[in-house]
Amino acid sequence: MAANVVCDAPVERRLPAPLWWVVSSGVLLLMVFAGYTTWSGVWAKTGVHLEDFRTYLAAGQALRDGAPLYEPGAARLPTIAGTFKYPPFAAEVFLPLTLLPKVLLPLVAVLVNLFALVLVVWVALGRQGYAADHGRVAATAALSALALPMQPVLLNFTVGQVNLLLLLLILLDLTGRDRWWTGAGVGVAAGIKLMPAVFVLYLLAARRFRAAAVAVGAFGLTVAAGFAALPAESAKFWAASVVDPARITGSTDALAPENQSIRGALARALNIPDVPSRIWIPVAAAVALAALWTAVRAHNRNQELLAVSVTGVLMVLVTPWTWTHYWVWFIPFFVMAACAAHRTRKWRPAAALTLVYLLLFPWRVGTGRDGVPLVGLVILPEHHPPALQAAAHALYVTLAAALLILAAAHPTWLNPPTTQPAPAPAIQTQPHGRGSGG
């Protein structure tokens, strides 16, 4: 009696794709994008539209001109303290922007973010086993249209940030088929914005040692590229305390509601502007251990999208200073929850998803510097009741904690496995007789 080895069969799920749904979802995305163009016009009048994108462009130009990037008073970048906040390799990445016609740069910034958002949703659907058909196209358009107005996503479009691109790079790198170069995307992302180095911890905890080594190697290459092009500037950047929040904000004050990290939440709860490391780091370490356990368990169950998304939430939580636009890592959870609500056809998941979406919606709550509209409940101004304001200022940290708990308690609800065991082969018996050997 011989036994055959049976491999797991990939799941191919399908989403509804009637013509009216495909067309209407595409129209919805176009309408939302048209609404964004109106919104961006409001910001353009204040002079701060694509503010971060202009910093990237200035960094690339400084590289071409041989100007300093990290010397306060000498660097002339349009950012806090006039200095560059990212590693030197990032300036090399932004260098090609200086070769484009200036009139096209705003369009490029917006379209690249839109492209990244749509691809993130497409990949998140695919990693849940949904077939690349008309149903997935329609769902991608509809969910992208709904995701764009969420406050963290909208701000990435408005200020011209790179968080959506880094999210896409990491999802493509870690949630697809394991290849020899898997991990390189994490290393390159960390070379641009340091924070994704947290994913190396996940790769080590999940015993994906080759991917972890590739990530470290790729990151090392980005550091070497920085020293090759900018030796003096690279020495200044890496000699300084790269984890110092003042490098990002110009201040150690963590009380601002824009700081949606564990450190920021503790600073506001304890009313300590510069909350000591001995307080917030142990809390962050405990959260990291719990999140990594959840991520590794999801990885072992072939729920890689959930594992990587949990690690992304952890990354943003433990960063010393977390701007609200870092929280694009809500997008994979939004896609997973929407799919789960569709599968279950129950009102409670749909109601919970709707409530969270409304909490993330860019409600206008006031007016900031230069007449910029303040949007998002998370930055609720001071004239509201203290209890309501405290809850609002802890909103993203609270939602992140709830997502981590949900991922630990109901991982299959969020991200059903993308493979299913194939049926065992039937055991055939041969009757005794001539030639049976019996």
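On the basis of being in a helix (DSSP H, G or I), surrounded by 20 or more Cβ atoms within 10 Å (Cβ to Cβ) and out of contact with any Asp or Glu (no Cβ under 6 Å at 6 or more places or on another chain), does residue 33 make the cut? Let's see the steps before the verdict.
Details: in a helix (DSSP H, G or I): yes; surrounded by 20 or more Cβ atoms within 10 Å (Cβ to Cβ): no; out of contact with any Asp or Glu (no Cβ under 6 Å at 6 or more places or on another chain): yes.
Considered against the rule, which asks whether it is in a helix (DSSP H, G or I), surrounded by 20 or more Cβ atoms within 10 Å (Cβ to Cβ) and out of contact with any Asp or Glu (no Cβ under 6 Å at 6 or more places or on another chain), residue 33 comes out as no.
Within region 85-114, the set of residues being of a type in the set (A, V, I, L, M, F, W, C), free of Cβ contacts under 8 Å to residues at least 60 places away in the same chain and surrounded by 21 or more Cβ atoms within 10 Å (Cβ to Cβ) comprises 94, 109.
Within 28 Å of residue 13 (Cα to Cα), surrounded by 20 or more Cβ atoms within 10 Å (Cβ to Cβ) and in contact with a Lys or Arg (Cβ under 9 Å, 6 or more places away or on another chain) - does that describe any residue in region 327-347? Spell out the reasoning first.
Going residue by residue through region 327-347, those that are within 28 Å of residue 13 (Cα to Cα) are 328-347.
Subsequent filtering for residues that are surrounded by 20 or more Cβ atoms within 10 Å (Cβ to Cβ) retains 328-340.
With the extra rule that they be in contact with a Lys or Arg (Cβ under 9 Å, 6 or more places away or on another chain), the set shrinks to 332, 339.
Checking region 327-347: at least one residue is within 28 Å of residue 13 (Cα to Cα), surrounded by 20 or more Cβ atoms within 10 Å (Cβ to Cβ) and in contact with a Lys or Arg (Cβ under 9 Å, 6 or more places away or on another chain).
Look at (1) under 26 Å from the mean Cα position of the chain (by Cα); (2) surrounded by fewer than 21 Cβ atoms within 10 Å (Cβ to Cβ) and you find that residue 50 fails only one, number (2). None of 117, 57, 69 is at pLDDT below 95 and buried (at least 19 other Cβ atoms within 10 Å of the Cβ) except 69. Filtered by the rule that a residue be outside any helix (DSSP H, G or I) and crowded, with 17+ Cβ neighbours inside 10 Å, region 262-297 gives a lone residue, 275.
Can you name the residue in region 362-400 that is among the aliphatic types (A, V, I, L, M) and free of Cβ contacts under 8 Å to residues at least 12 places away in the same chain and is also nearest to residue 293 (Cα to Cα) among such residues? It would help to see each step written out before you state the result.
Filtering region 362-400 down to residues among the aliphatic types (A, V, I, L, M) leaves 365, 372, 374-375, 377-380, 387-388, 390-392, 394-395, 397, 399-400.
Of the ones still in play, those that are also free of Cβ contacts under 8 Å to residues at least 12 places away in the same chain are 374, 387-388, 391.
Details: 374: 37, 387: 33, 388: 33, 391: 28 Å.
Once the filter is applied, the top-ranked residue is 391.
Given the criteria charged (D, E, K, R), part of a helix (DSSP H, G or I) and either modelled with pLDDT of 95 or more or out of contact with any His (no Cβ under 7 Å at 6 or more places or on another chain) (or both), does residue 92 qualify?
Working: charged (D, E, K, R): yes; part of a helix (DSSP H, G or I): yes; either modelled with pLDDT of 95 or more or out of contact with any His (no Cβ under 7 Å at 6 or more places or on another chain) (or both): yes.
It is true that residue 92 is charged (D, E, K, R), part of a helix (DSSP H, G or I) and either modelled with pLDDT of 95 or more or out of contact with any His (no Cβ under 7 Å at 6 or more places or on another chain) (or both).
The conditions of being out of contact with any Leu (no Cβ under 8 Å at 6 or more places or on another chain) and modelled with pLDDT under 95 are not met by residue 213.
Scanning region 29-75 for residues being hydroxyl-bearing (Ser, Thr, Tyr), in contact (Cβ under 8 Å) with a residue 60 or more places away in the chain and over 25 Å from residue 141 (Cβ atoms) gives a total of 3. Report yes if residue 354 is within 28 Å of residue 159 (Cα to Cα) and over 20 Å from the mean Cα position of the chain (by Cα), otherwise no. Answer is yes for this residue. Here residue 334 fulfils each of the conditions (1) at pLDDT 95 or above; (2) of a type outside the set (A, V, I, L, M); (3) in contact with a Pro (Cβ under 7 Å, 6 or more places away or on another chain) apart from (3). Of the residues in region 45-75, how many are part of a loop (DSSP other than H, G, I, E, B) and more than 18 Å from residue 93 (Cα to Cα)? Looking only at that region, the number is 8.
The values are calculated or read from the model by the stated rules, or taken from the named source; none is laboratory data. Quantities reported herein were computed from a predicted structural model and do not represent experimental measurements. Note that we place each Cβ from the backbone using ideal geometry, even for glycine, and neighbour counts take in every protein chain shown.
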